[in-house]
Amino acid sequence: MSATFYDEVQTLRKRYPDPLSAVLPALQLAQERNGGWLSEATLREAADALDLTPAYCLSIASFYDMFHTEPVGTHLVEVCTNVSCALSGAQDVVDAFERSLGIEVGGTTEDGSVTLRTVECLGGCGWATVVAVDNRHRLHVRAGDVAGIVAELGE
Amino acid sequence: MSTTTPEIVFAGTEGGALTELADYEAVGGLSALRRALGMTPDEIIAELNASNLRGRGGAFFPTGRKWSFVPKPDQVPKPHYLVVNADESEPGTFKDREIMLRVPLRFLEGCLIAARAIESTHVFVYIRGEYEREYEILVAALEQLRKGKHLGGTTIVVHRGAGAYICGEETALLESLEGKRGQPRTKPPFPAIAGLYASPTAVNNVESITTVPPIIEMGGAEYAKVGPESSTGTRVFSLSGNVVRPGNYELPHGYPLRDLIYEVGGGIADGRSLKAVIPGGSSTAILTAAEIDGLTLDYDSLAQAGTAIGSAAVVAIDDRCCIVQLGVRISQFYEHESCGKCTPCRVGTRWTTQILKKLEAGEGSQADLDLLLDVGEKVNGTCLCPLGDTAMIAIASYVAKFREEFLAHIEEGGCPFHGTSSLEGIVAPTDVHEAHHGPAAIHRPLEVVA
């Protein structure tokens, strides 16, 4: 990251009556620029731009599920396994991803291309099973669709 | 979607989306805003009071009354804020998302009218981080309003959350919006007096706000004619689970629960039979299939049945589901989402997960079942926000309504649905967060002693 990031964070801080409110958008930007996760260096840089301590930024990053403080794959696949999706077969979808990617939930493929997670309710209960691929929601996913999604990620 | 019901929230969409300003204006969009600009704040509030619109986020608090609690600028000479809660995360609920996707301009029009009612020129929409597409659609809609100079002097900032169910609780949301960990505050002071940046703040749900323009347009009294007296208007019901046609359906309050599942939703999928219904999101008490007859989807009917309309999220559960497994999964959710501020909730949700897992594995005893309910009673009413309470209410209802199933696990020394339950093998989120993989001394599982 660079002066650009610093300047962009200053713009974000000006959107709010209190610049502290820019913590989430600034960390979101920092994570996006750092390949999907917040390294120590990234947190330091974000903290600098926000005029906060790195420890404060980490306390925020560790509270919210969408921030990652460990490396993640180039692509992030997140399967909702809350009740409505589970009633509709989310478990089969998770199994299919595990088989297709050759990893377990929580893991990343050896080549670092895909991280597989299960997540709490994504707010698509009537369109189960919901799978977020890089934060874009695929709806009505069935185990049979998984191979196609994985193939897409390899392209 | 039921064809006989007049739509209010989704009016004019004809099943599609109204994301272009010209299309929205062609169906009467922004006329409510123009009317509101000719009204005083008190007149707008009076119209809301006449409508008896009650909060659609789950608390069912009268919207007009909430606004009337916000002091006038001359009483408290600080900026006033309107904060819209678009952090929809209650399992089973996906209605605000569809509202933002299909009628983003009506929602933003509602924001502008609501801001005027509380004499605010600063609006923050706190949208859950997972709703990326909805965020983009809102920002695009906002840009059209800005270009068309419809915002007046009001600024609307769409602020993305970052994944935390607790931020749907209004004071946790305010903390999060202020750039802190999303943990609930003590009340009082209530947000109306000291909310965002310690200033007067109204916090409203997306659906409530989107209902404001139609109310101003048709008049509060007219709106109040829809639905039963204590639960006026329409509601966007989120129907999910084992039904043929899950989805969001805008229907009048007072609609029969059975009809929502069997008529609108097409009945239970795969030729199965209904076992249980969660009527208002995961935080509400469960109903058995036999109990739904005669119940209507409104505040009074569901309260009398010992549950709640909550966020109007109806989850139909078929006969393949093991209710103890359901309990484990729901408990895991609340354990994961507990913010950790209040000990009874932080520890209690963990205990209930462990006890339920033990029961599900057939290793539990009657004493474990008693302990499960005892933990629930001890969490109830001892925390700053309702997260722990509602988790315990839900779990206690599973035991109350399906006690035989819990006892069967104990007596048979295993799950009677082993190999057939629809929830078998379900995995709760595996977090890669440091917070969840910390020192063993802190994170060592508690020994549950019966």
Checklist entry - Under the condition of being in contact (Cβ under 8 Å) with a residue 40 or more places away in the chain and away from chain B (no Cβ under 12 Å), which residue from segment A:47-72 is least open to solvent (accessible area, probe 1.4 Å)? => result A:ALA49
Checklist entry - Does B:THR201 meet the test of being within 14 Å of another protein chain (Cβ to nearest Cβ) and polar (S, T, N, Q)? => result yes
Next on the checklist: Given the criterion out of contact with any Ser or Thr (no Cβ under 9 Å at 6 or more places or on another chain), open to solvent by less than 40 Å² (accessible area, probe 1.4 Å), of a type outside the set (Asp, Glu) and over 25 Å from B:VAL315 (Cβ atoms), identify the matching residue among B:ALA26, B:ALA17, B:ALA11, B:ALA50.
Outcome noted: B:ALA11
Next on the checklist: Going by what's in this entry, would B:GLU134 be described as open to solvent by 20 Å² or more (accessible area, probe 1.4 Å) and either assigned to a helix (DSSP H, G or I) or among the charged types (D, E, K, R) (or both)?
Outcome noted: no
Next on the checklist: Quick check on my filter: what residues within segment B:204-252 are of a type in the set (A, V, I, L, M) and touching a Phe, Trp or Tyr at 6+ places or on another chain (Cβ under 9 Å)?
Outcome noted: B:VAL206, B:ILE209, B:ILE215, B:VAL236, B:LEU239, B:VAL243, B:LEU251
Next on the checklist: Tell me yes or no: at least one residue of segment B:281-295 is closer than 19 Å to B:LYS95 by Cβ, open to solvent by 10 Å² or more (accessible area, probe 1.4 Å) and small (Gly, Ala, Ser).
Outcome noted: yes
Checklist outcome for this item: Looking across segment B:70-110 at residues that are hydrophobic (A, V, I, L, M, F, W, C) and open to solvent by 20 Å² or more (accessible area, probe 1.4 Å), the single one that is farthest from B:ASN205 (Cα to Cα) is B:VAL76
Item to check | All helices (runs of 4 or more DSSP H) inside segment B:153-272 with 3 or more residues being closer than 21 Å to A:LEU24 by Cα and open to solvent by less than 40 Å² (accessible area, probe 1.4 Å) | outcome: B:170-177
Checklist entry - Using beta carbons and a limit of 6 Å, which pairs, at least six apart or on different chains, have the first residue in segment A:126-145 and facing chain B (nearest Cβ under 9 Å) and in a helix (DSSP H, G or I) and the second one of a type in the set (A, V, I, L, M, F, W, C) and open to solvent by 20 Å² or more (accessible area, probe 1.4 Å)? => result A:TRP127/A:LEU139
Checklist entry - Looking only at helices (runs of 4 or more DSSP H) that fall completely inside segment A:31-117, which ones have 3 or more residues that are over 18 Å from the mean Cα position of the chain (by Cα) and within 27 Å of B:GLY281 (Cα to Cα)? => result A:83-87, A:90-101
Checklist entry - Of the conditions (1) more than 7 Å from every other protein chain (Cβ to nearest Cβ); (2) over 29 Å from B:LEU177 (Cα atoms); (3) in contact (Cβ under 8 Å) with a residue 12 or more places away in the chain, A:ALA151 fails just one. Which one is it? => result (3)
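The values are calculated or read from the model by the stated rules, or taken from the named source; none is laboratory data. Predicted, not measured: the structure shown is a model, and the values here were computed from it. All Cβ positions, even for glycine, are placed from backbone atoms using ideal geometry, and neighbour counts span all protein chains on display. Accessible surface is based on the protein model in full, side chains and every heavy atom, while ligands, DNA and RNA are left aside. Shrake-Rupley method; radii C 1.70, N 1.55, O 1.52, S 1.80 Å.
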